Structures are given as C-alpha cells and as structure tokens.
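Read through the structure below, which is laid out as structure tokens, and then see the notes.
The values are calculated or read from the model by the stated rules, or taken from the named source; none is laboratory data. Quick caveat: nothing in here was measured; it's all calculated off a predicted structure. Counting neighbours? That spans all protein chains shown, and the Cβs are built from the backbone with ideal geometry, glycine included. Remember, those area values only see protein heavy atoms, side chains included, never the ligands or the DNA or RNA. Shrake-Rupley method; radii C 1.70, N 1.55, O 1.52, S 1.80 Å.
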Amino acid sequence: MSVSAVRETPMHSRLLASDVYRLGFSGLIARPTRAILSALGIAIGIAAMIAVVGISSSSQAQLSATLDRLGTNLMTVAPGTSVFGEEQPLPFGVGGLVQRVDGVESVGTTGLLVDLHAYRSAATLKTDTNGLGVMTASSDLLRVIGGHIAAGSWLTDGTSRYPVVVLGAKSAEKLGVARPGEQILLGDDVYTVGGILECGELAPEIDTSVLLGERQGTSANAGERVHPTSVYIRADEERIDSVRQLIPGTVAPQSPSDVTVGRPSDALAAKQASDQAFTGLLVGLGSVALLVGGIGVANTMVISVLERRREIGLRRSLGAARPHIRRQFLAEALFLSLLGGVAGTVIGAAVTAAFAVGNGWPISIPPVVLAGGLGATLVIGALAGLYPAMRAARIPPTEALQS
Amino acid sequence: MSAVIELRGVSREYGKPPTRALDDVSLTVERGEMLAVVGPSGSGKSTLLNVLGTLDRPTAGTVLIDGIDVAAQTDAQLAGLRAHRIGFVFQQFHLSEGVTSTDNVANGLLYSGVPLRERRIRAVEALHQVGLGHRLGHRPNQMSGGERQRVAIARAVVHRPPLLLADEPTGNLDSKSGAGIVDLLHELHGEGTSIIVITHDNALAEKLPRRIMIRDGRLTADSSSTSERVVVTAGATP
Ligand SMILES: Nc1ncnc2c1ncn2[C@@H]1O[C@H](COP(=O)(O)OP(=O)(O)O)[C@@H](O)[C@H]1O
Ligand SMILES: [Mg+2]
C-alpha cells in the first residue's frame, strides 16, 4: 500500500511565510490595548528622533535658502585698533581702493558719526540715544548688503542735497517713526525720514542705524568729511579667499594685521552649527526613549509567552516545529515594534511639519531619516523579540494536555 | 501487518526522586483499531497519550509510530509526523476565541504548508463531516460545549490523519453531547481512522471495541479478543 511509501518519505511540517505574518499580526490584534500601550514607547522614541532631526534639517534648509537668497559672498571690513587701543580710521576713498581689487564686484561704505545721536523730537532727553548709530552710507550700500526698502526710498544723489535720513528697521521702531515723511532730530537739527528699511539678515548693525548721504554727513560733521568705518564688499564667489587676503593691505597698508575682515554668512552658519550640537543631545535623549520602548516590547512579549503556554502546546501538537513557534513570536514582536515605528514616524513628521510651518521654514525630512527610523524599529523589534521567541520555542508540546 | 502504534517496555519518569508515570508499558495498536484507555485520575493516561502522540519522549523503552522509531527522530521530524499523521482532541477543546470555527479548523492544516484558501475549503468540508455545516462562521463563545468539541475534532481530522488521539474528549460535556461525540468518533473510525480515546468514563469505554486499563502507570487489563497480542501485568517481561 501507499503507507510504506509515505513511511520512507520524511514528512516535514511547514509554515508558509504568509502565515508567519498572519500569525504575528493576529497575535497583536488579539490584545489591542496591550499592543498599543507597548508600541507607545517605541512611537515616542521614534517620534522624538524624527522630530528633532526633521526640525534641525528644516532649519538647515531654511538657512541654505536664506544663504542662497542673500549670498555667501558678502564681506565686511572694520578698522583695526592700534596697539594703543585707538581705532585706526579707514582712509577716505577706501571704497574706490577696494573696488580695484581683483574679484571685487561691488563696494559700499558706512561712516559712523561718533558724537551725533538721533532723537524723536526736541522734547527727548539728549541722553536718550536708544543706542542708535548715526552714519553716512554710500549710495551702493543697500544693494551690496542685499537690503530692502520697506517704505519710502533709499538715499539718492538727489536727496543727498537735503536733510534726509533713512532709518534701519529697528531705528524706526525705537524712534517711533511709522512712515516716511515724519521728522526726527540729529543733534539739534531737523531731518526728514525719506525711507525705512526692512530688517537685514547679513548686516544686522544697519537695522539700528540712522543713515544719511555722504554730503549730508559732511555738513552734520561740522563740514568735515566723515571717515569710513565699515566697508561692505561683494566679491566673486570663486575668488573670495584671495580677495579676503588682499583687503587688509589695500585698506591699511601700514598695519594690515589690525584690519578685521568678516563674512556674515559664516556667522549664520556657525550659529547653525551650535544648534547642531543641541540636536545631537536631543537625538541622544530620543534614542534612550527608543531603548526604553524596546525594553517595553520585550517585556510585553515575555508576558505574552508566559500566558500562552497552552496555545504554544496546542500549536506543537498541530505540528509546529520549534522554529515555527520562534518565527511566530518574532513576527509578533516585529509587528509590535513596527506599529510603534510607523506611528512614531507619522507623529514625528507631523511635529516637524507643524514646527517648520509655524516658523515659516521649508519642511525638510530627509528620507534616509524616515527609512532609518523604521529600520531602527525593525532592529529593536528583532532584538526585543529574540529572547521571548526563544523561550516560546522551548515550551514543551505536552503543555497542551496539562489540565 | 502494519501496526500504527507499537510500544515496547515504555517508561516515563518524572522528578528527582523519580516517580514513574508510565511503568514498562507494551502495547500494539493495529491500523484501523479503536480503543479506550481507562483508568483513575493520576494513573498515567495523559502521559501515555503524550508518548503516543510524540509530544513527549519516554525515559525508557521503544515507541514506534507507523513503524517509525520516535527516539531516532529530531524534534522537527516529530513535528512533521504530528502535522501529517496524528490528530489530537483535548478535554478543554483548545479553540482560539474570537476566531470562527472555519478558521479554527483551518489551523489544523497550518503546519502542513497548505495555503489559506485551500485550508478554509478543507475546513468547511471537515465541519460538514462533523455535522457543523451550519456553524461555519460561529465563534467558540457562540457555540455549546458539544459543538465546540466537534469543531476541535474537525480540526484534528482536517488533515486526514491515520491516527486520532483524544484525551477525555467528553470530560467537559453533559452526557447527551458526550454521546454525540462518541458517535462521531465511531463514524470516523468507520472511515478507517485509528482512534485512541482516553477516558475515565466506563460507560463510554463500554461502547468501544477494545479497552485497556491503566493503573499506577501500568497496563492492567486488555479486553482485546486477540489477547495474546496484549499484555502485560505488573512484573511481566515482554
Ligand atoms: N510534567 C509532570 N511532572 C511531574 N509529574 C507529572 C507530570 N505529568 C504527570 N505527572 C505525574 O504522573 C502521574 C500521571 O499523570 P497523568 O498522566 O496526568 O494522569 P492522568 O491523565 O491519568 O490523570 C501523576 O502522578 C502526575 O502527578
Ligand atoms: Mg489526564
């Protein structure tokens, strides 16, 4: 009979891969509350990591968009101080000198009137200077620093003949000037506000300035030309380094080492870098949350195995081999962890999006972070499930008959 | 002459000062036989069933299932044997709550590598066979005890095993449902399945063609007509 043939062919028990998934999944939905609670730990960890990285990456995207818009080729030159602590004034015509340096595209200058202050009206106390600087501005300055007029107009050769000033955004606020056409005092003299600037990102010092044309500056300075105190340079992006080296010798041939040349975009990037360090700390905290979540999953699985000795015994009697039991519980741990991972990814992405939109940033979550988050959950699920699954597989088949 | 089960001098000991749950048991069950194992509580009936069903290995003696020596098989091979050749019925049914009777029965084929669709088709057939064609979508808590045990029996036979082992299958049932289960077992026996029923219910045992008594782990009586095949009172050697 065929029986003897059957006897010679070894009979294997087999569990289809699709059934492993089905078993893992149905194991979870059989105890939904427990599944949700233990997935929560993973979800919080993943959400924290993704939100932290996403927010940092969005602010990075915002920075590079800003730098793209503003350019990274702006340099500022400030006069050095001598060994005696005196400020070495920049020479008249420094703008023209710098303009001749190879690679320089455009140049703007400002010259601070140290003893002159701006007041809202004659009633304002003379000591109440609001910390605003009064300075001359070359007509190219606005274009060079990439500034924008919020209202009114910029200083022109035409307006330079009249006592007209342009206010930085913060100056206008401090002086209480809402629109062009209002009048303020520089010292005792009345000036009309010709324009108000928007806040500038690369040259924030302009925000707290009261700017007047170079001719007006001379008359405000008792007829003496005002020495330039800052030079703003746009250079060819490719030649920035060589320009940077040539500037000190050009503006101060006698003491080039005293001159400071700055690059405002570097300062923005440096601030970003310090934020990165903080991000690292938060990611560290997120990974601790994830670890705790993983322990929660392992704990849930261990309890589950203890409670389901009967079920395991029954499955063994139905023909499950040890690897089948192990796979079932491993799949369950993976699903549990993945449930938390998917929820955490969604939450983390939502938090990032909300935060970015709230700050007016572009939303940027690197796909590799999403993939990494889900990958991490799978690794955690596997690690957390390994021990309980091995315990489950060791439960003897005779459990099914224990009454 | 293929015996579906052959035990030779089988013992199973438990614990540090070893207690013998089975003591030198020899037993042959021919293909297509139906028999009851009767004995008081704690006499070793379940231990015997575990050994017969390859759920447990003896500490001494030889167990041949379908002529296959259990001692020589790996755990995975024994699992394969159970998946294809043995069906189990338990006193407590062991059905999955929240799962329809069709899917409970389909689980009987889970470890045979049969795809879900085909498992369900064969589960429906098996449920019709045990008289539950009208309970295909019911869950265990929507059914009576007798119906639940029928579902469990359908699960045990859905892979058409030549050997069915039942441990106190009527122990949790009233006498009317119990009688129905016994009738069902007789039907399955009529279709060629070898069946071993463990019970301490003598009335049930009376209805089966062959009865084996067990006490303190030893076979004490065998009602089989071919009595030379059987066995073994205390102290006898095979
Ligand atoms: N896993 C076990 N560990 C220790 N002793 C056991 C175990 N299983 C059964 N026994 C002992 O073996 C004897 C027979 O038990 P069992 O086969 O369950 O009897 P029955 O099913 O006839 O009531 C009992 O004395 C019981 O205490
Ligand atoms: Mg028992």
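Under 19 Å from a point placed 7 Å out from the Cα of residue B:19 along the Cα-to-Cβ direction: which residues of the stretch B:30-64 have their backbone N that close? Under 19 Å, as judged by backbone N against the label point of residue B:19, lie B:39-51, B:57-60 of the stretch B:30-64. Classify the stretch B:79-203 as rounded, prolate or oblate from the Cα gyration tensor: take a ≥ b ≥ c as the square roots of its eigenvalues, call it rounded if a/c is under 1.5, otherwise prolate when a/b beats b/c and oblate if not. Oblate, because a/c is 1.5 or more while a/b does not exceed b/c.
Restricting attention to the stretch B:3-228, close to 50% of DSSP beta bridges with both partner residues there are antiparallel. Taking every DSSP beta bridge that has both ends in chain A, the antiparallel portion is near 80%.
Counting only lysines at least 8 places from residue A:170 when in the same chain, those with an alpha carbon closer than 24 Å to its own are A:126, A:271.
Tell me which of B:162, B:138, B:81 sits at the most positive position along the dipole axis of the stretch B:3-228, charges placed on C-beta atoms (Lys, Arg +1; Asp, Glu -1). Farthest along the dipole direction, towards plus: B:138. Over what distance in Å are the Cα centres of the stretch A:195-231 and the stretch B:123-180 separated? Here the answer is 96 Å between Cα centres.
In this structure, the amide hydrogen of residue A:88, modeled 1.01 Å from its nitrogen in the peptide plane, lies closer than 5 angstrom to those of A:80, A:81, A:82, counting only residues at least 5 positions away or on a different chain. Rolling a 1.4 Å probe across the protein heavy atoms gives the stretch B:3-228 an accessible surface of 38 Å² per residue. Shown in residue order for the stretch B:150-159 are the 3J(HN,Hα) couplings computed by the Karplus curve 6.51 cos²θ - 1.76 cosθ + 1.60 at θ = phi - 60°: 5, 4, 4, 5, 4, 5, 6, 10, 4, 9 Hz (x for Gly and Pro). In this structure residue B:75 has an accessible area near 40 Å², from a 1.4 Å probe over the protein heavy atoms. Comparing mean-square fluctuations of A:377, A:250, A:110 from a GNM of chain A with C-alpha springs under 10 Å, the top value falls on A:250.
Label positions at residue A:254 and residue A:303, each projected 7 Å from the Cα along the C-beta direction, are separated by 8.2 nm.
Between residue A:368 and residue A:67, the contour length at 0.36 nm per residue exceeds the Cα-Cα span by 105.9 nm.
Once A binds B, the 1.4 Å probe can no longer reach about 2800 Å² of accessible area, counting both sides. What you get for the protein assembly as shown, charging only the Cβ of Lys and Arg (+1) and of Asp and Glu (-1), is a dipole of about 2960 debye around the Cα centre. For residue B:30, the amide hydrogen comes within under 5 Å of the amide hydrogens of B:4, counting only partners 5 or more places away or on other chains and with H modelled in the peptide plane. Note that the stretch B:41-55 has calculated 3J(HN,Hα) couplings of 4, x, 7, x, 5, 5, 4, 4, 5, 4, 5, 5, x, 6, 6 Hz, one per residue in order, obtained from phi through the Karplus relation 6.51 cos²θ - 1.76 cosθ + 1.60 (θ = phi - 60°); glycine and proline are x. Take chain A, connect every pair of alpha-carbon atoms lying under 10 Å apart with a spring to form a Gaussian network, then pick out the residue of A:333, A:320, A:137 with the largest mean-square fluctuation. Of A:333, A:320, A:137, the Gaussian network model singles out A:320 as fluctuating most.
Measuring r between the beta carbons of residue A:126 and residue A:31 and using R0 = 56 Å, the FRET efficiency lands at 0.10.
In the stretch A:299-376, the alpha-carbon atoms span a convex hull of 98 Å³ per residue. Remark: the stretch A:253-298 carries 56 Å² of accessible area per residue (probe radius 1.4 Å; ligands, DNA and RNA excluded).
What separates the Cα centres of the stretch A:45-98 and the stretch A:318-391 is a distance of 40 Å. Of the residues in the stretch B:59-76, those shielded by at least 40 Å² of accessible area once partner protein chains are present, compared with the chain alone at a 1.4 Å probe, are B:75.
Surface composition of the stretch B:78-168: carbon plus sulfur atoms hold 47% of the accessible area, using a 1.4 angstrom probe and ignoring ligands, DNA and RNA. When the Gaussian network model of chain A links Cα atoms closer than 10 Å, the mean-square fluctuations of A:125, A:383, A:185 top out at A:125. For the stretch A:63-77, the residues whose amide N sits under 17 Å from a probe point set 7 Å from the Cα of residue A:282 along the beta carbon direction are A:63-64.
Annotation: amide H of residue B:23 within the under-5 Å range of B:12, B:218, sequence separation 5 or more or interchain, hydrogens built in the peptide plane. Report the paramagnetic label zone for residue A:92: residues of the stretch A:211-250 whose backbone N is under 13 Å from a point 7 Å from Cα along the Cα-to-Cβ axis. A:215, A:218-219, A:223-228, by backbone N distance to the label point. Taking a ≥ b ≥ c as the square roots of the eigenvalues of the alpha-carbon gyration tensor, the stretch B:127-187 is classed oblate because a/c is 1.5 or more while a/b is no larger than b/c.
Scoring B:78-87, A:198-207, A:350-359 by mean Cβ neighbours within 10 Å over their residues and listing the highest first yields B:78-87, A:198-207, A:350-359. Computed over the stretch B:3-228, the range of Cα coordinates on each principal axis works out to 48, 39, 36 Å, biggest value leading. Working note: Karplus 6.51/-1.76/1.60 with θ = phi - 60° gives the stretch A:36-53 the couplings 5, 5, 7, 6, 4, x, 4, 4, 5, x, 5, 4, 4, 4, 5, 5, 4, 5 Hz, where Gly and Pro are set to x. Normalised radius of gyration (Cα atoms, divided by 2.2 N^0.38 Å) for the stretch B:1-128: 1.21.
Placing a pseudo-label 7 Å from each Cα along the Cα-to-Cβ vector at residue A:346 and residue B:128 gives an inter-label distance of 4.3 nm. Ranked from largest, the principal axis spans of the Cα set of the stretch A:105-169 equal 42, 22, 21 Å. Charge dipole of chain B (Cα centre as origin; +1 on each Lys and Arg Cβ, -1 on each Asp and Glu Cβ, all else neutral): 420 debye, rounded to the nearest 20.
Which percent of the accessible area of chain A is formed by carbon and sulfur heavy atoms (probe 1.4 angstrom)? Exposed carbon and sulfur together represent 61 percent of the surface. When the Cα gyration tensor is reduced to axis lengths a ≥ b ≥ c, the ratio a/c is 1.5 or higher for the protein assembly as shown, and with a/b above b/c it is classed as prolate.
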